[in-house]
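A short write-up of the structure that comes next.
The values are calculated or read from the model by the stated rules, or taken from the named source; none is laboratory data. A quick note: this is a predicted structure, and the numbers were derived from the prediction, not measured. Quick reminder, even Gly has a Cβ in these numbers, built from the backbone with ideal geometry, and neighbours come from all protein chains shown.
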Amino acid sequence: MAAQSQDKIFFGAALVLLLASAGWMASQGSKIAKLSASTEVNITPSTYEPSGIDAPTVATKTWPPAPSQSGGPLWVYDVFTPPEIYYDAGTAKFTVTPPPPPPDKDPIPEPEPPKFGVELVGIRQDSFRLQLVGYIGEPGAYRGNFENALSGETIIGGAGKKIPDLGLTIKGFKVERKTITVEESMPIIVTEATAVIVDDTTGEEIELTNLARRTRGEPFAVFKEEDSPRTFEHKAGATFTIRDANFTVVSVTSEPPSAEIRKESPDLTEPLTKTLTPVVPVAPVPPSSEAPAQTGGSTPFPFGN
């Protein structure tokens, strides 16, 4: 009997719990229904209308042209195209090449370089009054073939011969073969005639050779005034004047042809020295005399017998 009473108690407790649960579910049903209804969203479709964007305000400015500097109209410093600057060691001054001007600007005229005032035409070297141009004869009895550079006359003679018209005496004469070494080439064997000449007045001895003409004295510089066809000659140490400028020939060189000139004028703060070379490169001015025709076994050229 006790067991049946206990079962009834358990059954009654379970029934009460079931009824309580059912009551709780019934009380929560309305809340769950409200939550379900609140998640439903009603979307009403509408037509898309794009809205415009205002364009930004843009201000355009032109880069100002570079101004000239205190050095002159050519000294223009642009940011991206600076000028090319050069230094002239002769004048100890700077020169400048300006950048190209803008397309809408007229080009800046380049000033003409200052003129020096004188140009070098060439160098003239005086010839000795007697030249050895060859030889004639046989070994042991050679005689020289000479040229009177003043008259063009041909003179044949050996040791002891006097030339009264020129005031000279042939002291010695010889012919020998010699080797000439040429850079980057095989040695060349040539025949050279040599004469020792004595000046009857001064006693000076001069050596002549048929391989080269004998010059005499210092070379002359042949100058030309700029913008003028007039030419004139001066040796080193000479002075001359062109308009308001004074020039001094400092030195004259025949090989290579050049002349160093010093200029002084009121528009120069200090003397200006410049080395002149021929405007049109030319060989040194040749002597005025011409070699006479050869006779017998004479050899006027280096490659003789």
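Hey, can you tell me all the residues within the stretch 194-214 that are more than 42 Å from the chain's Cα centre (by Cα) and not polar (S, T, N, Q)? Please lay out each step first, then the result.
Taking the stretch 194-214 as the starting set, the residues that turn out to be more than 42 Å from the chain's Cα centre (by Cα) are 194-208.
Once the filter is applied, which keeps residues that are more than 42 Å from the chain's Cα centre (by Cα) and not polar (S, T, N, Q), the stretch 194-214 yields ALA195, VAL196, ILE197, VAL198, ASP199, ASP200, GLY203, GLU204, GLU205, ILE206, GLU207, LEU208.
Residues being among the basic types (Lys, Arg), surrounded by 12 or more Cβ atoms within 10 Å (Cβ to Cβ) and not in a strand (DSSP E or B): count how many of those fall in the stretch 187-246. Spell out how you get there, then give the answer.
Kept after step one, since they are among the basic types (Lys, Arg), are these residues of the stretch 187-246: 213-214, 216, 224, 230, 235, 243.
If we keep only those that are surrounded by 12 or more Cβ atoms within 10 Å (Cβ to Cβ) too, we end up with 213-214, 216, 224, 235.
Still in the list and also not in a strand (DSSP E or B): 213-214, 216, 235.
So the count comes out to 4.
Could you please tell me which pairs satisfy a Cβ distance under 6 Å, a separation of 6+ or placement on different chains, a first residue in the stretch 256-283 that is under 16 Å from ALA238 (Cβ atoms) and not assigned by TED's automatic domain parsing to the domain that holds THR241, and a second residue that is among the β-branched types (Val, Ile, Thr) and modelled with pLDDT under 90?
As it stands, the answer is none, since no pair meets every condition given.
Filter the stretch 210-224 for residues that are in contact (Cβ under 8 Å) with a residue 60 or more places away in the chain and not β-branched (Val, Ile, Thr) and give the result.
Within the stretch 210-224, the first condition is being in contact (Cβ under 8 Å) with a residue 60 or more places away in the chain, and the residues that meet it are 210-211, 213-217, 219-224.
Answer for the stretch 210-224, where residues must be in contact (Cβ under 8 Å) with a residue 60 or more places away in the chain and not β-branched (Val, Ile, Thr): ASN210, LEU211, ARG213, ARG214, ARG216, GLY217, PRO219, PHE220, ALA221, PHE223, LYS224.
For THR91, state whether it is in a loop (DSSP other than H, G, I, E, B), modelled with pLDDT under 70, within 60 Å of the chain's Cα centre (by Cα) and not small (Gly, Ala, Ser).
On the way: in a loop (DSSP other than H, G, I, E, B): yes; modelled with pLDDT under 70: yes; within 60 Å of the chain's Cα centre (by Cα): yes; not small (Gly, Ala, Ser): yes.
Yes, satisfied.
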